[in-house]
Amino acid sequence: MSTVVRGRIEAGKRLGRQLGFPTANLRPDGDAAALPRNGVYAAAFWVEEEDGARMCMLNQGTHPTAPEGKPTIEAHLLDYHGDLYGRRARVEYLHFLRPERRFESLAALSEQLSKDRVDTRAWIEAARNGTCGDEGAGRVREIHWHR
């Protein structure tokens, strides 16, 4: 898997922030027709004019639990606290974690997001350490990661 999307970070519904998972909503440059299937991914995220990629948990899709608005590409950057609105960025999809699905409540969604964040970090760290042979793991070792 080697899908890369470039674009500008824009404000979204801010639901992720309310749930404790702030996201950078990426408005893709040009046509987004070649995107992989909707779902949650472990990914690498580069902010223009910053050194190195950051680990991120990426959701691409229609957010069925809170379906208001258009489909999105939303990245929750692990270990990052800052304002990214208006900045340019790129994201590289590394590993598919799970399909997008509807949850019975926002609390259930938040619980799953906590698990997804743990799974994202674990997969990227295993790939970086060479203990993961999954698709995308070799690419992880080639990336210059932010320190």
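Tabulated results
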| item | result |
| --- | --- |
| The one condition in (1) of a type outside the set (Asp, Glu); (2) over 23 Å from Val140 (Cβ atoms); (3) in contact with a Lys or Arg (Cβ under 8 Å, 6 or more places away or on another chain) that Val40 fails to fulfil | (2) |
| Criterion: outside any strand (DSSP E or B), modelled with pLDDT of 90 or more and closer than 21 Å to Ser2 by Cα - qualifying residue of Arg37, Arg101 | Arg37 |
| Per-region count, the range 78-98, residues outside any strand (DSSP E or B) and within 20 Å of Gly39 (Cα to Cα) | 1 |
| Output for the range 39-57, where each listed residue is within 18 Å of Trp123 (Cα to Cα) and either out of contact with any strand residue (DSSP E or B) (no Cβ under 8 Å at 6 or more places or on another chain) or of a type in the set (Val, Ile, Thr) (or both) | Val40 |
| Flag if Cys56 is outside any helix (DSSP H, G or I) and over 16 Å from the mean Cα position of the chain (by Cα) | no |
| Residue ID - surrounded by the most Cβ atoms within 10 Å (Cβ to Cβ), chosen from residues in the range 9-34 that are outside any loop (DSSP other than H, G, I, E, B) and in contact with a Gly (Cβ under 6 Å, 6 or more places away or on another chain) | Leu26 |
| Residues being farther than 26 Å from Ala53 by Cβ and either surrounded by 13 or more Cβ atoms within 10 Å (Cβ to Cβ) or in contact with a Ser or Thr (Cβ under 9 Å, 6 or more places away or on another chain) (or both) - total across the range 76-109 | 8 |
| Count of the range 102-123 residues which are within 21 Å of Asp79 (Cβ to Cβ) and touching a residue at least 12 places away in the same chain (Cβ under 8 Å) | 8 |
| Output for the range 109-147, where each listed residue is part of a helix (DSSP H, G or I) and farther than 30 Å from Leu19 by Cα | Gly138, Arg139, Arg141, Glu142 |
| Positions within the range 18-31 being over 14 Å from the mean Cα position of the chain (by Cα) and among the charged types (D, E, K, R), in sequence order | Asp29, Asp31 |
| Boolean, Ala89 is on the phi < 0 side of the Ramachandran plot and out of contact with any Leu (no Cβ under 7 Å at 6 or more places or on another chain) | no |
| Top-ranked residue of the range 54-68 - restricted to ones that are of a type outside the set (D, E, K, R) and surrounded by fewer than 20 Cβ atoms within 10 Å (Cβ to Cβ), ranked as modelled with the lowest pLDDT | Pro67 |
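The values are calculated or read from the model by the stated rules, or taken from the named source; none is laboratory data. None of these values were measured; they are calculated from a predicted model. Positions of Cβ are generated from backbone atoms using ideal geometry, with glycine treated the same way; all protein chains shown enter the neighbour counts.
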